[in-house]
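*Asks:* A single structure is presented below for examination.
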Amino acid sequence: MKKVKLALDWTANTNHSGFYVAREQGFYGNLGITVEIQTPDEDNYQVTPAKKVELGLADVAICPFESIVSYNTKKEKFNALAIASIYREDISAIVTLKESGLDSPKQLDGKSYASYQARYEDGIVAQMVKNDGGEGNLKLAYPDKLGIWETLLTKKYDATWIFMNWEGIHAKAKGVALNTFKLSDYGIPYSYSPVLMAGKERLMQNLDDYKSFLEATKQGFLYAKENPQYAADCIAPFVAKSDRDIDLLESQRFSNRFYGDEQNWGQLEEANVNQFLAWLHQHGLEGSRLRYSDLVYNGFSL
């Protein structure tokens, strides 16, 4: 394999710093591989990163853990495996504009939610509303672009799901006040996002290359943690024009707190994964009773 095709989930941002740092620092080359970074704007977001792995267009995809579950339970199953997590915990949130007055999930009943249309997303957000005392009756919409600039600030939609280390930082810099609802605060044991996904068959055929990729990637993220300005400078040329005014250094410093360290970067904890899988099943979002061992490859010693 030697050349690893990596499909990002969005245009370059601090969720991806470690890949750009590892490439710039030569960490990949030192281990005998090259990495081609694919961004979704190249095909106007027509094919999801996970789908690219299924189709053989990429070797690794960045996606939420739910995508791993979904690919293993769809009618024509694809053996997708999570091989690493970028963060040790969830740093995303459902958000509304502060000025909207929608300051709790239960107030989203009858309101519009701009969704990515991921398989479990709408059910997860509806359950958050229910857990807060609402009915879970959202007006679901699936716009082409889901940034707060295209959703909340246009006043077309009332709520959406964002990464706090990116759009949360961007909104703060723009003076846009947000209400933020973290899933864990409302009884939802959301596990890991984003994770790195690989297809089981290709993974097993190229274990050494995947291990080298992960070792170099780990070095990249830990180097970014110790050198945030360097990491910000690495991704700056690749950031979308619409995001060029974000404070990359602040975003990087925010992200750094959640990377973990030399001992635990990339690890998906079995208890966390199984708790989330049980929650999906309990709430009727997933009929299959999958376990950690079905969805996570932890055979690498990083």
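*Asks:* Please return the ranges of strands (runs of 3 or more DSSP E) entirely within the stretch 68-176 where 2 or more residues are buried (at least 19 other Cβ atoms within 10 Å of the Cβ).
*Replies:* Numbers: elements: 80-85, 92-97, 112-114, 139-141, 159-163.
Passing ranges, in order: 80-85, 92-97, 112-114, 159-163.
*Asks:* Hey, can you tell me all the residues within the stretch 45-64 that are without any contact (Cβ under 8 Å) to a residue 40 or more places away in the chain, in a helix (DSSP H, G or I) and either within 20 Å of Y116 (Cα to Cα) or not assigned by TED's automatic domain parsing to the domain that holds D209 (or both)?
*Replies:* K51
*Asks:* On to the next question. Take F19 and tell me if it is outside the structural domain of Y157 (by TED's automatic domain parsing) and over 30 Å from W149 (Cα atoms). I'd like the intermediate steps shown before the answer.
*Replies:* Working: outside the structural domain of Y157 (by TED's automatic domain parsing): yes; over 30 Å from W149 (Cα atoms): no.
For F19, the condition - outside the structural domain of Y157 (by TED's automatic domain parsing) and over 30 Å from W149 (Cα atoms) - is not met.
*Asks:* When you check Q267 against the structure, is it under 20 Å from A84 (Cβ atoms), within 20 Å of the chain's Cα centre (by Cα) and either in the same structural domain as L203 (by TED's automatic domain parsing) or touching a residue at least 12 places away in the same chain (Cβ under 8 Å) (or both), yes or no? If you could, list the steps in order and put the result at the bottom.
*Replies:* Numbers: under 20 Å from A84 (Cβ atoms): yes; within 20 Å of the chain's Cα centre (by Cα): yes; either in the same structural domain as L203 (by TED's automatic domain parsing) or touching a residue at least 12 places away in the same chain (Cβ under 8 Å) (or both): yes.
Judged against the criteria, Q267 is a match.
*Asks:* Then there is this: What number of residues within the stretch 236-250 satisfy the criterion of being over 12 Å from G168 (Cα atoms) and assigned to a loop (DSSP other than H, G, I, E, B)?
*Replies:* Within the stretch 236-250, residues that are over 12 Å from G168 (Cα atoms) and assigned to a loop (DSSP other than H, G, I, E, B) number 4.
*Asks:* Same structure again: Please enumerate the residues belonging to the stretch 12-37 that are surrounded by fewer than 18 Cβ atoms within 10 Å (Cβ to Cβ) and either within 14 Å of I62 (Cα to Cα) or not hydroxyl-bearing (S, T, Y) (or both). Working first, answer last.
*Replies:* Here is the first cut: in the stretch 12-37, the ones surrounded by fewer than 18 Cβ atoms within 10 Å (Cβ to Cβ) are 24, 26, 29-32, 34, 36-37.
Matches in the stretch 12-37: E24, G26, G29, N30, L31, G32, E36, I37.
*Asks:* Residues that are part of a helix (DSSP H, G or I) and either in contact with a Leu (Cβ under 9 Å, 6 or more places away or on another chain) or of a type in the set (S, T, N, Q) (or both): does the stretch 26-35 have at least one? Reasoning before the result, please.
*Replies:* As a first pass, look at the stretch 26-35 and keep what is part of a helix (DSSP H, G or I): 27-30.
With the extra rule that they be either in contact with a Leu (Cβ under 9 Å, 6 or more places away or on another chain) or of a type in the set (S, T, N, Q) (or both), the set shrinks to 30.
Yes.
*Asks:* In addition: Mind checking whether some residue in the stretch 171-181 is outside the structural domain of G56 (by TED's automatic domain parsing) and closer than 22 Å to F276 by Cβ? Don't jump to the end; show me each part of the working.
*Replies:* Start the filter on the stretch 171-181 by keeping residues that are outside the structural domain of G56 (by TED's automatic domain parsing), which leaves 171-181.
Next, only the ones that are closer than 22 Å to F276 by Cβ stay: 180-181.
Scanning the stretch 171-181 turns up at least one residue that is outside the structural domain of G56 (by TED's automatic domain parsing) and closer than 22 Å to F276 by Cβ.
*Asks:* For the stretch 148-181: of the residues being of a type in the set (D, E, K, R) and either modelled with pLDDT under 95 or in contact with an Asp or Glu (Cβ under 7 Å, 6 or more places away or on another chain) (or both), which is farthest from N131 (Cα to Cα)?
*Replies:* Initially, the stretch 148-181 is screened for residues of a type in the set (D, E, K, R), giving 150, 155-156, 158, 167, 172, 174.
Retained after the next criterion (residues that are either modelled with pLDDT under 95 or in contact with an Asp or Glu (Cβ under 7 Å, 6 or more places away or on another chain) (or both)): 150, 155-156, 167, 172, 174.
Working: E150: 28, K155: 26, K156: 25, E167: 25, K172: 28, K174: 32 Å.
Out of the qualifying residues, it is K174.
*Asks:* Continuing with the same structure: Taking the stretch 183-216, which residues are surrounded by fewer than 16 Cβ atoms within 10 Å (Cβ to Cβ) and part of a loop (DSSP other than H, G, I, E, B)? So that I can check it myself, show each step before the final result.
*Replies:* Pass one, the stretch 183-216, residues surrounded by fewer than 16 Cβ atoms within 10 Å (Cβ to Cβ): 184-185, 187, 200-201, 204-205, 207-208.
Answer for the stretch 183-216, where residues must be surrounded by fewer than 16 Cβ atoms within 10 Å (Cβ to Cβ) and part of a loop (DSSP other than H, G, I, E, B): just G187.
*Asks:* Going residue by residue through the stretch 241-254, is there one that turns out to be of a type in the set (S, T, Y) and modelled with pLDDT under 95?
*Replies:* Restricting attention to the stretch 241-254, the residues satisfying the condition of being of a type in the set (S, T, Y) are 242, 251.
From the residues that got through so far, the ones that are modelled with pLDDT under 95 too are 242.
For the stretch 241-254, residues of a type in the set (S, T, Y) and modelled with pLDDT under 95: present.
*Asks:* While we're here: Checking D41 against (1) more than 28 Å from I169 (Cα to Cα); (2) assigned to a helix (DSSP H, G or I), which single condition isn't satisfied?
*Replies:* (1)
Matching residues to (1) within 21 Å of A84 (Cα to Cα); (2) under 18 Å from the mean Cα position of the chain (by Cα):
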| site | (1), (2) |
| --- | --- |
| D245 | no, no |
| S255 | yes, yes |
| F276 | yes, yes |
| L285 | no, no |
| V296 | yes, yes |
| G299 | yes, no |
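The values are calculated or read from the model by the stated rules, or taken from the named source; none is laboratory data. As the structure is a prediction and not an experimental result, all values here were calculated from the model. Here the Cβ is made from the backbone with ideal geometry for all residues, glycine too, and neighbour counts use every protein chain on show.
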